[in-house]
Number of protein chains: 2
Amino acid sequence: MIRLHVRNPLTAGAGLALEPDQARYLTSVMRRGVGDEVLVFNGADGEWRARLAEAGKRGALLALVEQVRPQAVGPDLDLVIALVKRTRLETIVEKAAELGARRVRLVITERTNADHTRIERLQAIATEAAEQTGRLDVPEIVAPLKLEKMLSTWNDRRLLFCDEAGDAPPVLDALPLTARGRGPEPWAILIGPEGGFSPAERDRLRALPYATAASLGPRILRADTAAISALTLWQARLGDWA
Amino acid sequence: MIRLHVRNPLTAGAGLALEPDQARYLTSVMRRGVGDEVLVFNGADGEWRARLAEAGKRGALLALVEQVRPQAVGPDLDLVIALVKRTRLETIVEKAAELGARRVRLVITERTNADHTRIERLQAIATEAAEQTGRLDVPEIVAPLKLEKMLSTWNDRRLLFCDEAGDAPPVLDALPLTARGRGPEPWAILIGPEGGFSPAERDRLRALPYATAASLGPRILRADTAAISALTLWQARLGDWA
């Protein structure tokens, strides 16, 4: 069944006018007509079954039928990713949504070539991936900050720092086991640019009390692969895959 | 340093004429000139340092200097992947090379929409990814077979079958630990099409004595994400990331 992320509050019996893009997608692209059902979620009110009540040139109106899943969110996991080239960054955002990251924070490091990106486009990709993967929230895309600036306001969230160069232990060994019955602490996974971190950045990161360095195997990984692998291992070890 | 996969045997002092595409890439795209060094490998003779001895309109000639790494291959791991749409299939092949798969075998299942693909293009992507990731072999791309045909000639290699529907244990729990000091057995990871396996296929797979069903978490993953996540977890648990 088609799932749509909406901004409206969701309550029994309410009507819901879709945004023009969503109305077009539902009726013209996916050929849904009056009486057909979709699922909607807004990140706060769970997932609802809704019926297409009006569909025409002036838009589409849904009638909410019933809540089918209560609101739930996954573990508190951020992906902090250096700005890489557009197509790989878009892949990373899509995959972060599928793999349950709660936020994607963009970072500018010494060896990062770009200094801006189209946040709205990335947010749209995150929303579409959240619709398709079945989650009940949409990862927030956070505008780029320089690494030093980000670290200067860090809130003690634990940081998994994927260190290609050096002797860091494998991710599965580096991540602590969570005590049975307790959820994981808030974590962030930091993935550098394709040129890696500078020696000064590595020293800085390794000295942080909240940081854990870890290795992603013996081969050189592109940034998108490194992000997906690290998110996977975190979810499998500490997150909601266990 | 630039790495090139070549077909020639590699021995000390030998000269090596590059294929026209590689010569163009090295001299025109990457602007390397006579005296510059590259690394070459052929999947059999390890990695060699080579010096550009001639570069001109008629091609490029390398002189082999010395072996810098002896030949080595990673664990015997196949990725068996249903034909999915072209861009995702190309991503999967690139990532399989980075994540150390020895072969990528294509399969046609009941819910697979495609029945052919351009093997040569996929092989070129695998070669380029192998060059960049630093491995000393190139994954072999094996032409598509129907699932039943593939299983009818299966050679008892263990099979990790990623089962979205159902109650399979998480991959990390499903994979056996390898006895210390022993390498892993040969394995294959099977990823179905985005529509999943049919009920008949699932029953068939679950009944195979060499198959292990496992889950990749609570969200719906696209085929490329599922392939990367499963390869990652296998390498982290049984392969050369441990």
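Values computed for the structure shown
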{"item": "Qualifying residue in the range B:92-103 (condition: outside any strand (DSSP E or B), within 30 Å of B:Ala211 (Cα to Cα) and acidic (Asp, Glu))", "result": "yes"}
{"item": "Number of the exception - A:Pro184 against (1) within 30 Å of B:Asp240 (Cβ to Cβ); (2) without any contact (Cβ under 8 Å) to a residue 12 or more places away in the chain; (3) not β-branched (Val, Ile, Thr)", "result": "(2)"}
{"item": "The range A:113-152, subset among the aliphatic types (A, V, I, L, M), within 15 Å of the chain's Cα centre (by Cα) and more than 23 Å from A:Val68 (Cβ to Cβ), residue farthest from the other protein chains (Cβ to nearest Cβ)", "result": "A:Ala143"}
{"item": "For A:Gln67: the one exception among (1) under 22 Å from A:Ala97 (Cα atoms); (2) touching a Phe, Trp or Tyr at 6+ places or on another chain (Cβ under 7 Å); (3) in contact (Cβ under 8 Å) with a residue 40 or more places away in the chain", "result": "(1)"}
{"item": "First in the range A:211-240 and within 7 Å of chain B (Cβ to nearest Cβ), second anywhere and among the β-branched types (Val, Ile, Thr), Cβ under 6 Å, 6 or more apart", "result": "A:Arg219/B:Thr133; A:Ile220/B:Thr133; A:Ile228/B:Ile228; A:Ser229/B:Thr232; A:Thr232/B:Thr232; A:Leu233/A:Val171"}
{"item": "Yes/no for A:Arg135 being within 18 Å of A:Ile2 (Cβ to Cβ), assigned to a loop (DSSP other than H, G, I, E, B) and among the basic types (Lys, Arg)", "result": "yes"}
{"item": "Residue satisfying condition, being over 19 Å from A:Thr232 (Cα atoms) and either among the β-branched types (Val, Ile, Thr) or at pLDDT 95 or above (or both), within set A:Arg121, A:Arg135, A:Arg158", "result": "A:Arg121"}
{"item": "Residues (surrounded by fewer than 21 Cβ atoms within 10 Å (Cβ to Cβ) and either modelled with pLDDT of 95 or more or in contact with a Pro (Cβ under 7 Å, 6 or more places away or on another chain) (or both)) located in the range B:86-101", "result": "B:Glu90"}
{"item": "B:Gly196 at pLDDT below 95, within 30 Å of B:Val68 (Cβ to Cβ) and among the small types (Gly, Ala, Ser)", "result": "no"}
{"item": "Within the range A:179-210, considering residues that are of a type in the set (Gly, Ala, Ser) and outside any loop (DSSP other than H, G, I, E, B), the one farthest from the other protein chains (Cβ to nearest Cβ)", "result": "A:Ala200"}
{"item": "The range A:107-118, subset modelled with pLDDT of 95 or more and buried (at least 18 other Cβ atoms within 10 Å of the Cβ), residue nearest to A:Leu190 (Cα to Cα)", "result": "A:Val107"}
{"item": "Test: A:Glu164 is acidic (Asp, Glu), in the same structural domain as A:Ala82 (by TED's automatic domain parsing) and touching an Asp or Glu at 6+ places or on another chain (Cβ under 8 Å)", "result": "no"}
{"item": "Residue among A:Ala55, A:Ala50, A:Ala14 that alone is crowded, with 18+ Cβ neighbours inside 10 Å and modelled with pLDDT under 95", "result": "A:Ala55"}
{"item": "Residue within the range B:70-78 that is within 10 Å of the chain's Cα centre (by Cα) and surrounded by 24 or more Cβ atoms within 10 Å (Cβ to Cβ) present", "result": "yes"}
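A quick yes/no check of all residues on (1) closer than 21 Å to A:Arg135 by Cα; (2) without any contact (Cβ under 8 Å) to a residue 40 or more places away in the chain; (3) assigned by TED's automatic domain parsing to the domain that holds A:Gly134:
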{"site": "A:Ala14", "(1), (2), (3)": "no, no, no"}
{"site": "A:Arg32", "(1), (2), (3)": "no, yes, no"}
{"site": "A:Trp48", "(1), (2), (3)": "yes, yes, no"}
{"site": "A:Arg51", "(1), (2), (3)": "yes, yes, no"}
{"site": "A:Lys57", "(1), (2), (3)": "no, yes, no"}
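Yes or no, residue by residue, for (1) closer than 27 Å to B:Ala129 by Cα; (2) in the same structural domain as A:Gly100 (by TED's automatic domain parsing); (3) not aliphatic (A, V, I, L, M):
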{"position": "A:Thr153", "(1), (2), (3)": "no, yes, yes"}
{"position": "A:Pro186", "(1), (2), (3)": "no, yes, yes"}
{"position": "A:Arg202", "(1), (2), (3)": "yes, yes, yes"}
{"position": "A:Leu205", "(1), (2), (3)": "no, yes, no"}
{"position": "A:Tyr210", "(1), (2), (3)": "no, yes, yes"}
{"position": "A:Ser215", "(1), (2), (3)": "yes, yes, yes"}
{"position": "A:Asp224", "(1), (2), (3)": "yes, yes, yes"}
{"position": "A:Leu231", "(1), (2), (3)": "yes, yes, no"}
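The values are calculated or read from the model by the stated rules, or taken from the named source; none is laboratory data. Bear in mind that the values here come from a model prediction, so they are computed numbers and not experimental data. In this analysis, Cβ positions are derived from the backbone assuming ideal geometry, glycine residues included, and neighbour counts consider all displayed protein chains.
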